[in-house]
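> Would you mind keeping the following structure in view while I ask a few things?
The values are calculated or read from the model by the stated rules, or taken from the named source; none is laboratory data. Just so it is clear, the model here is predicted, and its values are computed rather than measured. Positions of Cβ are backbone-derived with ideal geometry, glycine not excepted, and every protein chain shown enters the neighbour counts.
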């Protein structure tokens, strides 16, 4: 399309009139385009394809943007859906637990203890209860 020419919007009635004239009079796309002032013969091909597939009602549907995906989404079985839901709930619980324990890990790690100016912890120190965060045993810090 040349510079300065804006995108035109054509009404559903105009599109129907153009395609019906094209088909009744046996015009090719170039002739129909000249008669109705449409520069793009590709546009006429698209309109004809819509008209043949859906009839005149097909022109009232908004068709801008991406079309729907070629492959519909797969449905998973109810058992698999329950498994996935349970996994999500376990992971959310684990995240809540780790967020609750985060201050404790900051206090006991070598890096935070040194940066805070306090004494570092030794590998093998027993874990204490902190803000409701219980550890299953001992923590071994890597140096």
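> Scanning for something touching a strand residue (DSSP E or B) at 6+ places or on another chain (Cβ under 8 Å) and at pLDDT below 90, does the stretch 87-99 turn up at least one residue?
yes
The rows are residues; the columns are (1) at pLDDT 90 or above; (2) under 32 Å from the mean Cα position of the chain (by Cα); (3) under 16 Å from residue 11 (Cβ atoms).
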position: 25; (1), (2), (3): yes, no, no
position: 29; (1), (2), (3): yes, no, no
position: 40; (1), (2), (3): no, no, no
position: 46; (1), (2), (3): yes, yes, yes
position: 49; (1), (2), (3): yes, yes, no
position: 56; (1), (2), (3): no, no, yes
position: 62; (1), (2), (3): no, yes, yes
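> State the number of residues belonging to the stretch 9-33 that are surrounded by 12 or more Cβ atoms within 10 Å (Cβ to Cβ), more than 14 Å from residue 63 (Cβ to Cβ) and without any contact (Cβ under 8 Å) to a residue 40 or more places away in the chain.
13
> Yes or no: residue 8 under 22 Å from residue 64 (Cβ atoms) and modelled with pLDDT under 90?
yes
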